[in-house]
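Heads up: the structure comes next, in structure tokens.
The values are calculated or read from the model by the stated rules, or taken from the named source; none is laboratory data. Quick caveat, the model's predicted, so the values are computed rather than measured. Positions of Cβ are generated from backbone atoms using ideal geometry, with glycine treated the same way; all protein chains shown enter the neighbour counts.
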Amino acid sequence: SNVGDNKISEETSILISTLPSHTDFRANKLCNYQGSWYYYNTLQGVLNFQAGFKPQDTDIILASYPKSGTTWLKALTVALMERSKSPSFDHHPLLSDNPHGIVPFLEIDVYHESSSPNLAKFSSLPRLFSTHMPMHAMHENLKDSPCKIVYVCRNVKDTLISWWFFGSAIHKMEPNRSLLESTFKAFCNGTIYYGPIWEHVLSYWRRCLEDPKKVLFMRYEEMKEEPRGQIKRLAEFLGCPFTKEEEDNGLVDEILDFCSLRNLSGLEVNQTKKFNKVDRKNFFRKGEVGDWKNYLTPEMENRLDMIIQEKLQGSGLKF
Ligand code: A3P
């Protein structure tokens, strides 16, 4: 996935030699650190983050498991925060950069190479960051801070299908059955980048139950189902609710249209260039709920349902 070429420190190599490891279907190595699987260079980013990140009170962190709607959440949040600065969409930051360029990943971009990166780019407040790390990986850094986290959660089966297509695209492979089966297995076993997915989702779900002012738990399906209600919820959580005047002027719909998959994917900035070696256009595909029904066999569906039921038992969370 978004795997860069940062250097693994000697200290990290020693740590890695003590961690459980797994080799993926392309012979790339993952290791399990604090319960999650990371490629080595991402682990270096996580360690740099843990060693160096100090939140500011107003920070906003957009969190997700990969392929759960990260790009959409970033675009919506940028559009919400930006509306006081650029009321028209003519010179909007989303026209000149991809949502991932505007809201970089802490462990993959910002802390990729160093535990003390230059944060000058984030001088205007609030600072917007993103992450695919589970909540517990950030706990020590964030525990005394009032900074806010927005988590987007998506149906596991659609996330899996989205991963399969994305994985094929970035590895320039056909999205064939054999790749689907290895992705399926990796999801089930949890031995996948940032997995297991259930632990990921639960880490944010539990934190949200403990402190709903700290973590907003959003769902991709609800955002699709009732986008107006969900974007208002997001705006309120971020402390910038829509005014009556804005609502009367149709700004809610304007932002939703601007951030729609159709609009964003059609922008020149998202059709050309790469982000972390990934063609930006690969961040946009179908954006539908239930696309998994076209690809998973009934056996795969049953197996996932059983695992989900077992893993989420008693949590109050439904996928
Ligand atoms: P599909 O592969 O099911 O189409 P992420 O942003 O976390 O990488 O997730 C990618 C998924 O979100 C893809 O799902 C992609 O099509 C969808 N997506 C991207 N931009 C979107 C948008 N503006 N609105 C709705 N869905 C979007």
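Tell me which residues, restricted to region 267-279, are within 11 Å of the ligand (Cβ to nearest atom) and either surrounded by fewer than 16 Cβ atoms within 10 Å (Cβ to Cβ) or part of a helix (DSSP H, G or I) (or both). Correct list: Asn270 only.
Taking the criterion of being crowded, with 21+ Cβ neighbours inside 10 Å and either modelled with pLDDT under 95 or not hydrophobic (A, V, I, L, M, F, W, C) (or both), the residues of region 110-144 that qualify are Tyr111, His112, Ser130, Thr131, His132, Pro134. Among the residues of region 68-81, those that are within 16 Å of the ligand (Cβ to nearest atom) and either acidic (Asp, Glu) or part of a helix (DSSP H, G or I) (or both) comprise Thr70, Thr71, Trp72, Leu73, Lys74, Ala75, Leu76, Thr77, Val78, Ala79, Leu80. Among the residues of region 220-266, the ones that are under 21 Å from the mean Cα position of the chain (by Cα), assigned to a helix (DSSP H, G or I), small (Gly, Ala, Ser) and within 13 Å of the ligand (Cβ to nearest atom) come to 1 in all.
Among the residues of region 82-109, the ones that are part of a helix (DSSP H, G or I) and buried (at least 19 other Cβ atoms within 10 Å of the Cβ) come to 7 in all. Restricting region 145-175 to residues that are assigned to a loop (DSSP other than H, G, I, E, B) and modelled with pLDDT of 95 or more leaves a set whose member that is nearest to the ligand (Cβ to nearest atom) is Arg154. Return yes or no: is Ala79 more than 30 Å from Asn189 (Cβ to Cβ), surrounded by 18 or more Cβ atoms within 10 Å (Cβ to Cβ) and of a type in the set (A, V, I, L, M)? So Ala79 fits the description; yes. Within 14 Å of the ligand (Cβ to nearest atom), in contact with a His (Cβ under 7 Å, 6 or more places away or on another chain), outside any loop (DSSP other than H, G, I, E, B) and hydroxyl-bearing (Ser, Thr, Tyr) - does that describe any residue in region 126-136? No: zero hits.
A quick yes/no check of all residues on (1) free of Cβ contacts under 8 Å to residues at least 40 places away in the same chain; (2) charged (D, E, K, R); (3) over 30 Å from Ser260 (Cα atoms):
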{"position": "Ser17", "(1), (2), (3)": "yes, no, yes"}
{"position": "Pro20", "(1), (2), (3)": "yes, no, yes"}
{"position": "Thr23", "(1), (2), (3)": "yes, no, yes"}
{"position": "Leu43", "(1), (2), (3)": "yes, no, yes"}
{"position": "Phe49", "(1), (2), (3)": "no, no, yes"}
{"position": "Lys54", "(1), (2), (3)": "no, yes, yes"}
{"position": "Asp57", "(1), (2), (3)": "no, yes, yes"}
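Please verify whether Ser88 is at pLDDT below 95 and small (Gly, Ala, Ser), treating the condition exactly as stated. Spelling it out, Ser88 is indeed at pLDDT below 95 and small (Gly, Ala, Ser).
Consider Ser36 carefully, then state whether it is away from the ligand (no atom under 12 Å from the Cβ) and polar (S, T, N, Q). Here the answer is yes, as Ser36 does meet what is asked.
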